[in-house]
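Q: There's a structure below that I have some questions on.
Please treat every number below as a calculation from the coordinates, not as lab data. Note that this is a predicted model, so its numbers are computed, not measured. Neighbour counts run over all protein chains shown; Cβ positions are idealised from the backbone, glycine included.
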Amino acid sequence: MRAIVAHAIGAPEDLKIEEMPDPAPGPGEVLVDMKATAVNFPDLLVIEGKYQIIPPHPFVPGKEGAGTVAAVGAGVDGLSVGDRVMVQAEWGTYAEKLVLPADHCFPMPDGMGFEEAAAIGIAYQTAHFALVARAGVRKGERVLVTAATGSVGIAALQLAKAFGCTVLAGVTTMSKADVALENGADHIVDLTVENLRDSIRTQVKEACGTVDVVVESVGGEVFDGAIRALDFEGRAVIVGFTSGEIASFRTNYALLKVISVTGVNWAAYRDRDPEWVRRVQRELFDLHGEGRIAIPVQAVLPMTEYVKAFDVIRDRQVRGKVILRLD
């Protein structure tokens with residue numbers, strides 16, 4: 001099989017397409033003939049050695065994709081050869097074949113293509129866990145999503161709108177404000193202006209007063225400003241730090257404003273409670289089937305153009321999911 005391989009910490013340009021032995025599934029595992037994989041910002045962090053989990057080198061990057069079950073190991077129930085599945089892994093999806101635990105595979109709905117399936121996994125699950133499990137979002141609440149035109153941001157916009165919320169999109173590239181509006185935002189919050197600590201709260205006040213929930217993925221001064229926009233008993237959920245600056249938080253502020261600050265780590269749910277993840281994914285598939293969420297696939301590229309796929313992320317040109325075809 002062919003795979004995109006990282007031999008050392010570096011840049012996407014340092015990756016190589018190589019021939020590797022075909023893997024075989026062990027007990028509780030399945031072998032998937034991969035058709036498509038998503039290229040994500042965390043993949044870039046892993047390759048550059050900046051992610052919280054760095055695989056031993058050499059390794060095959062990639063955290064999600066879709067394909068067809070080619071073989072099943074002993075003890076696997078509910079999956080058969082020929083089943084079309086979405087897959088999620090810590091790494092390894094940038095390959096023509098992948099072995100992984102059976103409970104990391106999700107049967108695809110009829111009519112869903114491999115590119116769509118590769119795009120509806122981790123970002124949408126992360127957004128769902130942030131909004132539902134961590135923030136306990138309710139219909140009619142006001143939700144501010146920062147980094148709103150990234151993958152998790154777009155998913156959070158769509159889901160918050162599907163849950164009946166008023167949605168505010170914090171945008172760091174104003175030329176992509178239309179992406180936020182197309183994916184459910186009712187209001188735009190400009191994150192390119194000065195003094196974000198004050199200006200975010202001012203913009204939110206002008207739009208809808210305050211917000212009940214913040215899904216925060218930027219960090220630094222954006223976090224400071226978003227926290228100040230929270231209403232009584234507001235909840236902020238930390239998803240990441242795309243700015244590279246991890247913010248600090250004074251706990252007396254939580255006491256005085258009666259707010260909560262929490263975090264979401266999708267991989268922890270996958271590892272600790274895979275059945276919960278499966279329930280969430282089934283709900284996401286249902287929402288998609290009902291037309292309440294729609295996966296924006298920005299580009300589908302051949303496997304050989306992986307550097308071009310990463311350029312979309314590095315150049316801050318993300319307007320949806322970038323997919324590599326593997327077959």
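Q: Which of Asp103, Asp315, Asp271 ends up with the largest GNM mean-square fluctuation for the chain, with Cα atoms connected below 10 Å?
A: Asp315
Q: Once you order the gyration tensor axes a ≥ b ≥ c over the Cα atoms, which shape class does segment 164-210 get: rounded for a/c under 1.5, otherwise prolate or oblate by comparing a/b with b/c?
A: Verdict is oblate for segment 164-210.
Q: Also, quick follow-up: Kindly flag which residue pairs out of Lys50/Lys139; Lys161/Lys205; Lys50/Lys97 have an alpha-carbon separation exceeding 30 Å in this structure.
A: In this structure, Lys50/Lys139 exceed 30 Å between Cα atoms.
Q: Can you give the convex hull volume per residue for the Cα atoms of segment 146-187, as a whole number of Å³?
A: Given the Cα convex hull of segment 146-187, per-residue volume reads 50 Å³.
Q: Taking the Cβ of Ala89 as the centre, find all other residues whose Cβ is under 13 Å away and add up their charges (Lys, Arg: +1; Asp, Glu: -1).
A: Residues close to Ala89 contribute a combined charge of -3.
Q: Here is a follow-up. As an exercise, identify the chymotrypsin sites (Phe, Trp or Tyr not before Pro) in segment 247-295 lying in DSSP coil whose Cβ has no more than 15 other Cβ atoms within 10 Å.
A: Of the chymotrypsin sites (Phe, Trp or Tyr not before Pro), the ones in loops of segment 247-295 whose Cβ has at most 15 other Cβ atoms within 10 Å are Phe249.
Q: How big is segment 123-266 by Rg and Dmax over its Cα atoms, in Å?
A: 13.1, 38
Q: Can you work out the FRET efficiency for the pair Asp178 and Ala24, with r the C-beta to C-beta distance and R0 = 56 Å, to the nearest 0.05?
A: Computed FRET efficiency for Asp178 and Ala24: 0.75.
Q: Which whole number of Å³ per residue matches the convex hull of the alpha-carbon atoms in the chain?
A: Convex hull volume per residue, Cα atoms: 126 Å³.
Q: Which net charge results for the neighbourhood of Ala130, defined as the other residues with beta-carbon distances under 11 angstrom from its beta-carbon, given Lys and Arg at +1 and Asp and Glu at -1?
A: Neighbour charge sum, excluding Ala130 itself: +1.
Q: For the residue pair Leu45 and Tyr253, what label-to-label distance in nm results when each label sits 7 Å from Cα along the Cα-to-beta-carbon direction?
A: 2.1
Q: Moving on. Could you tell me the distance between the Cα centroids of segment 197-253 and segment 254-327, to the nearest Å?
A: Value for the Cα centre distance between the two parts: 21 Å.
Q: Here's something else I'd like to know. Sequence-distant or interchain residues sharing an amide H contact under 5 Å with Val189, placed H: which?
A: Ala169, Gly170, Val171
Q: Which value, in Å to one decimal place, does the Kirkwood hydrodynamic radius take for segment 188-246 when every pair of different Cα atoms is included?
A: Evaluated over segment 188-246, this radius sits at 11.3 Å.
Q: HN-Hα J couplings of segment 43-56 from phi, Karplus 6.51/-1.76/1.60, θ = phi - 60°, integer Hz, Gly and Pro as x?
A: Result, rounded to whole Hz: 4, 4, 4, 4, 4, 7, x, 10, 8, 5, 10, 10, x, x.
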